[in-house]
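The values are calculated or read from the model by the stated rules, or taken from the named source; none is laboratory data. As the structure is a prediction and not an experimental result, all values here were calculated from the model. Glycine also receives a Cβ, built like all others from the backbone with ideal geometry; neighbour counts cover every protein chain displayed.
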Number of protein chains: 2
Amino acid sequence: MLRDDPAAKSLVAGDTIFSEGDPGEFAFLVIDGEIELSLAGEALETVSVGGIFGEMALIDHSPRSATARATTDAKVVPIDQKRFLYLLQNTPFFAVEVMHVMANRLRRMDARAKSV
Amino acid sequence: MLRDDPAAKSLVAGDTIFSEGDPGEFAFLVIDGEIELSLAGEALETVSVGGIFGEMALIDHSPRSATARATTDAKVVPIDQKRFLYLLQNTPFFAVEVMHVMANRLRRMDARAKSV
């Protein structure tokens, strides 16, 4: 359902989707290309097709904690709060997926914290 | 349902629930007292009544990424994989709660990464 979404946004390599500190109203599903997440100018992660990013704004309504930028031409589907809750309630697998993404990010940050 | 659980474990201040690197089969709900999560000997967070910890082992089946220790006498309810999935599927609010916990941890780690 999300993959054919008419609301999908086309991006050109180099486009910034959001910046650290921005208010955030959408998570995004990557349906084409690659998106880089960075923190204070340092790359944290590359999100590719099928991946989700920006979900934290929907969970805790805080400003963006990272910057998201297309590193190739790309296409993303915005997921607003209403759809996010719908997906959580109706597709438990989606909840587990989002948690997986967050767990991976946490483990990466933990490893980083230990290495400094 | 979880708060009256017969499987609740009583802990004495100073008890270690799990250590970084351990295999993990349970998340835990705190129903009394306080649990400290630490990484490489440094305190990351205190989880108090109503809080959840250890959820990452259920999500991605990796070893424990932190050490959990009771800092007061405490009581925790273990949540195994089966119950975790049951809660996710039947109480969407639980999914949002777990994501909240993870989002808070991620933001804290992000702030840490920026400060070093």
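Below, the figures for the structure above:
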quantity: Residue within the range A:99-106 that is of a type outside the set (Asp, Glu), buried (at least 21 other Cβ atoms within 10 Å of the Cβ) and on the phi > 0 side of the Ramachandran plot present; calculated: no
quantity: Yes/no for A:Thr91 being of a type in the set (Ser, Thr, Tyr), within 19 Å of B:Ile59 (Cα to Cα) and out of contact with any Ser or Thr (no Cβ under 6 Å at 6 or more places or on another chain); calculated: yes
quantity: Any hit, the range A:87-107, residues being more than 7 Å from chain B (Cβ to nearest Cβ), within 13 Å of the chain's Cα centre (by Cα) and at pLDDT 90 or above; calculated: no
quantity: Every residue from the range A:71-85 that is more than 10 Å from chain B (Cβ to nearest Cβ) and not β-branched (Val, Ile, Thr); calculated: A:Asp73, A:Ala74, A:Lys75, A:Pro78, A:Asp80, A:Gln81, A:Lys82, A:Arg83
quantity: Hey, B:Ala113 modelled with pLDDT under 90 and surrounded by fewer than 19 Cβ atoms within 10 Å (Cβ to Cβ) or not; calculated: yes
quantity: Unique residue being closer than 30 Å to A:Ala40 by Cα and surrounded by 14 or more Cβ atoms within 10 Å (Cβ to Cβ) when the list is B:Ile17, B:Ile79, B:Ile35, B:Ile59; calculated: B:Ile59
quantity: From the options B:Gly41, B:Gly50, B:Gly54, residue that is surrounded by 17 or more Cβ atoms within 10 Å (Cβ to Cβ) and on the phi > 0 side of the Ramachandran plot; calculated: B:Gly54
quantity: Residue match in the range A:57-69 (condition: within 20 Å of B:His61 (Cα to Cα) and either more than 7 Å from chain B (Cβ to nearest Cβ) or assigned to a helix (DSSP H, G or I) (or both)); calculated: no
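Conditions (1) among the polar types (S, T, N, Q); (2) in contact (Cβ under 8 Å) with a residue 40 or more places away in the chain; (3) within 20 Å of A:Asp5 (Cβ to Cβ), marked per residue:
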| residue | (1), (2), (3) |
| --- | --- |
| A:Leu39 | no, no, no |
| A:Glu42 | no, no, no |
| A:Arg69 | no, yes, no |
| A:Tyr86 | no, no, yes |
| A:Val98 | no, yes, yes |
